[in-house]
Amino acid sequence: MTASWWQTGVIYQIYPRSFQDTNGDGIGDLKGIERRLDDLVRLGVDAIWISPIYPSPMVDFGYDVADYCDIDPSFGTLSDFDDLIVQAHARGLKVLLDFVPNHTSDRHPWFTESRSSRDSPKRDWYIWRDAALDGGPPNNWISDFGGSAWEWDEATGQYYYHAFLKEQADLNWRNAAVQVAMYDVMRFWFDRGVDGFRIDVLWHMVKAADFPDNPLNADYQPAMGEMHRVLQLKSTDQPEVHGIAADMRAIADSYSARGLGERVLIGEIYLPVDRLMHYYGRERVGVHLPFNFQLIDAPWKARSLDKLIADYEAALPPGSWPNWVLGNHDRSRIAAKRGQAQARVAAMLLLTLRGTPTLYYGDELGLSDVPIPAAQIQDPRELREPGLALGRDHVRTPMPWDGSESAGFTTAKPWLPINTDWPTRNVARMAEEPGSILTFYRRLLAIRRTHSALSIGDFALLDAEGDVLAYERRHGAGRLIVALNLGGRSQSLQLPHWARDCRPLLSTLADAASVEDDVLPLRADEGVILTTD
Ligand code: GLC
């Protein structure tokens, strides 16, 4: 098998508002991403995924799209985008966009048309239902951002459905015209040279046809957020979604079939593993990579993680390719959850497991969640259900590039506060420090690139005890051991007989570990890669 770029490569997620501002408005832009491409090459990643950059009222910061085929002026122009693609490709970097097919902004012309009258030709492009007999919403479905998922439209006397904000109306994917229009959007960007899409909330796209109530969640606690009042069994993950994923895959594959390069589809899907696996496709092929978010919430314990990894590997359908994620623009940062020392161990795990890793910008600096003063909170999720720590602003703060004012991110006031430790936690400074987490990331990514065992090799867990998680990666003659101490006390790993002459390639601690006969001692919070070369 020849592996594709999306199998061997490392994906880096950019939250464009926070990456690099070049026009002095405190918001990152496409020219800023272009300016930083060389930094990404130095880091050693292979592809960037950019969160939405389309024209948007920004009620959900771009996940409310008002035009699928243009660029929001705050980010630049289509011509800036074309330049970015050329410059990225010239450096061997692939570019993935965020495709948001489940819902549009309520300002999208399709929705304006749809809500104009019950007879509108686009009425059925969205999900309109009559009120229940008591005049209330058609069923008990709750928005992921709290409150009923149904919004009453006075003018036409019906409710429309929105899985997220009322400003994000769900498209009706059972309507063939919606499918045609949205598939054209994919072709529009593929034709412009985009190498793939991350598909927003793929599992939400099709709802049960007769809109029954969702079952109540017996374990609901108000602190979870109101969406958890019900189990989303009827409003999400319906069998028909797989036909849509297969259609999208066919479009992506039509480019490789014409010799135009492999285009990849990554699905955002928060489901248990058995449900997740269906998104690889059964009768027809589904998305290349249904995002595997398990490491984000997993207990940080060696015995739970090795079980999780083994179960995931075992559940993968034949021929499918695994993938792993530690964080994204919706979830608390790894350094905030696990601390600085374990953030390195987590990076070693992410970049040495079998499958495609996706990094979240700033994690390579050990960036933590940044506290946001109440007056500066912007995320609608936080504003709608305050006090439950559901907000996401603190993981979307500007990238600290250097020690200059505003961390080299902007010349204006940044749209969100910058981490207060930016004078020391910034790219320019940490790139010079041999012991920094950034230097560690660069070395780790370089080792991943030179050792094909890490990108395409077989994977096998090794027997380990205590806080140690250990596994083998093997490709041809190349054989590596990864040993991770997930705890704060020293541990050791009994090496298998074939590994007795191995030597350390990299440690998460500044100096390299050493092997003592057939035992690898691991210091507190230490991860090590050993090679038999
Ligand atoms: C996805 C995005 C999130 C957004 C939501 C609605 O979960 O990752 O940021 O708010 O979809 O589009």
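A few remarks follow.
- Amide hydrogen proximity for Ile14: with H placed 1.01 Å from N in the peptide plane, the residues at 5 or more positions away or on another chain lying under 5 Å are Trp49, Ile50, Ser51.
- Cα-centre dipole for the stretch 1-132 with unit charges at Cβ (Lys and Arg positive, Asp and Glu negative), debye to 20: 280
- Between the stretch 290-354 and the stretch 146-199, the C-alpha centres lie 30 angstrom from each other.
- Legend: translational diffusion of the stretch 109-170 by Stokes-Einstein, Rh = Kirkwood radius over C-alpha pairs, 25 °C, 0.890 mPa s; D = 211 µm²/s.
- Averaged over its residues, the stretch 371-421 has an accessible area of 45 Å² per residue, based on protein heavy atoms and a 1.4 Å probe.
- Normalised per residue, the volume of the convex hull around the Cα set of the chain (Å³): 151
- For Ser332, the accessible area of its heavy atoms, probed at 1.4 Å with every protein chain present, is near 40 square angstrom.
- By accessible area, using a 1.4 Å probe on protein heavy atoms only, the chain has 51% of its surface on carbon and sulfur.
- Ignoring lysines fewer than eight residues from Lys307 along the same chain, the ones with Cα atoms less than 25 angstrom from its Cα are Lys337.
- Based on DSSP H segments of at least four residues, each scored -39500 (n - 2.57), the chain has a per-residue ellipticity at 222 nm of -7500 deg cm²/dmol.
- With Cα atoms defining each centre, the stretch 410-448 and the stretch 34-88 are spaced 21 Å apart in the structure.
- Accessible surface area normalised per residue over the stretch 458-531 is 45 Å², counting heavy atoms of protein chains with a 1.4 Å rolling probe.
- Under 5 Å from the amide H of Thr356 lie the amide H atoms of Asn323, Trp324, each residue being 5 or more positions distant or on a separate chain, with H modelled from the backbone and absent for Pro and chain starts.
- Rounded to whole Å, sorted largest first: equivalent-ellipsoid semi-axes of the stretch 458-531, Cα gyration tensor: 18, 13, 11
- Counting only residues at least eight positions apart within a chain, or on another chain, the lysines with an alpha carbon under 19 Å from that of Lys166 are Lys122, Lys207.
- GluC sites (Glu not before Pro) restricted to the stretch 110-160 and DSSP loop, no more than 12 other C-beta within 10 Å: Glu154
- Model label zone, Ala389; criterion: amide N under 13 Å from point 7 Å along Cα-to-beta-carbon; scope the stretch 324-363: 332-333, 336-338
- Loop-resident trypsin sites (Lys or Arg not before Pro) (DSSP state other than H, G, I, E or B) in the stretch 469-522 with no more than 12 further Cβ atoms inside 10 Å of their Cβ: Arg489, Arg500.
The values are calculated or read from the model by the stated rules, or taken from the named source; none is laboratory data. This one's a predicted model, so the numbers in the text were calculated from it and none came from an experiment. Backbone-built Cβ (ideal geometry, glycine too); neighbour counts: all protein chains shown. Surface areas here come from the heavy atoms of the whole protein model, side chains and all, with no ligands, DNA or RNA. Shrake-Rupley method; radii C 1.70, N 1.55, O 1.52, S 1.80 Å.
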